[in-house]
1. With a cap of 16 neighbouring Cβ atoms within 10 Å, and only residues DSSP puts in a loop, list the chymotrypsin sites (Phe, Trp or Tyr not before Pro) found in segment 64-145.
2. For the chain, set up a GNM with springs between Cα atoms under 10 Å and report which of Ala37, Ala107, Ala238 has the largest fluctuation.
3. Springs between alpha-carbon pairs under 10 angstrom, Gaussian network model over the chain: which of Asp242, Asp202, Asp120 fluctuates most?
4. List the lysines whose alpha-carbon lies under 27 Å from that of Lys11, not counting same-chain residues fewer than 8 positions away?
5. Using only the alpha-carbon atoms, how far is helix 317-326 inclined from the longest principal axis of the chain? Give it as 0 to 90 degrees, nearest 10.
6. Taking the chain as a Gaussian network, Cα atoms linked when under 10 Å apart, which of Ile66, Ile311, Ile154 shows the biggest mean-square fluctuation?
7. If amide hydrogens are placed 1.01 Å from N in the peptide plane, which non-local residues have theirs closer than 5 Å to the one on Leu259?
8. Non-local amide H neighbours of Val40 (under 5 Å, H modeled in plane, Pro and chain starts lacking H): which ones?
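Nothing in this text is a laboratory measurement; each read-out follows from the coordinates by a stated rule. These numbers were taken from a predicted model, which means no experiment stands behind them. Positions of Cβ are backbone-derived with ideal geometry, glycine not excepted, and every protein chain shown enters the neighbour counts.
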Amino acid sequence: MAKMRAMVVYKAGGPLVAEERDIPAPGDEELRIRVQACGVCHSDSLTVQGLMPGIQYPRVPGHEVIGAVDAIGAGVQGWSVGARAGVGWFGGSCGYCGRCRRDDAFACENVHAVTGLTRDGGYATHVIAHVSAVAHVPDDLDAIESAPLLCAGITTFNALRHSGAGPGDLVAVHGVGGLGHLGVQFAARQGFRTVAVNRGRDKEELARRLGASDYIDSAAEDPAKALTAMGGAKAILATVTDGKAMQAIAGGLGPNGVLMVIGAVGPLTVNSLDLLQKRASVRGWYSGIARDSEDTLQFSLRNKVASMNEIYPFEKAQEAYQRMMSGEARFRVVLKMDV
């Protein structure tokens with residue numbers, strides 16, 4: 001039987017172990033994808049470190065997957081062998097429950113799948129995915145360069161377009177890192193007056209090159225006061241993983257402004273009186289479903305939004321993961337498969 005290769009976590013806190021396996025056949029309503037590239041995301045640590053309850057090991061991490069369909073299960077329509085395909089965090093939905101029927105498939109009542117967490121992900125040469133989780137990938141997008149768009153990209157793009165901000169509105173991107181460097185590009189391309197907020201001046205030149213019209217050094221001045229002086233933000237895209245930093249910028253919202261939280265910080269305290277006076281709000285944002293991935297990829301292609309990546313061969317997945325976890329990568333890490 002034909003074999004595949006995978007990087008497998010056998011227990012919480014364990015290393016990634018190279019393993020050869022039989023290539024699985026797709027089941028009903030499933031596609032098998034020959035992986036070309038997979039991004040290495042901080043959320044992969046949930047699997048590697050066992051930070052989510054109920055994870056079943058062994059497990060293959062990875063949820064920023066781009067490749068090509070190489071086998072199709074029964075009941076699948078709209079796909080053909082060889083078609084370019086991508087899979088993100090969203091693991092699929094039933095399509096018929098109350099939430100799916102009301103356009104909330106991300107919170108499906110029957111399917112609770114997450115790629116690389118509840119089912120094997122893209123640190124492998126092949127991955128099986130439910131057809132509802134798979135996005136069509138444009139032919140002109142490079143797999144290696146674009147893999148992070150299936151998580152970091154969709155999360156920033158989707159949060160911004162649902163923030164309520166319109167062209168010309170003041171939008172702040174808090175943190176110029178793995179999420180934020182994409183957020184700045186998406187915000188500028190969507191026509192917002194884009195303000196990058198980061199500690200220090202070392203990323204100012206980059207932020208402006210990516211599309212920011214203004215820059216705030218949060219180590220040198222109060223970011224909330226700086227934003228208020230500009231008229232107040234219609235939206236703040238909070239990508240940082242520091243709860244205190246997030247709290248410090250919330251006061252920079254303008255009337256009807258929204259703090260879009262996409263960085264995981266645990267408990268978050270905000271001034272309720274400030275929210276009341278401004279009719280402002282705090283909102284968390286789930287990355288998105290396959291349709292949102294397709295929108296992200298198409299928008300990125302047409303508007304030249306690109307992830308800044310460090311590339312590692314598949315065989316060095318452990319090194320790539322450690323590099324990502326170090327926080328030193330600029331800005332995303334991607335595994336390249338030999339295809």
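1. Trp79, Tyr96
2. Checking each option, the largest mean-square fluctuation is seen for Ala107.
3. Asp202
4. Those lysines meeting the cut-off are Lys3, Lys316, Lys336.
5. Value to nearest ten degrees: 10.
6. Highest fluctuation of the listed residues: Ile311.
7. Here the answer is Ile236, Ser281, Val282, Arg283, since their amide H atoms fall under 5 Å of that of Leu259.
8. Those qualifying (amide H under 5 Å, at least 5 residues apart or on another chain) are Val333, Val334, Leu335.
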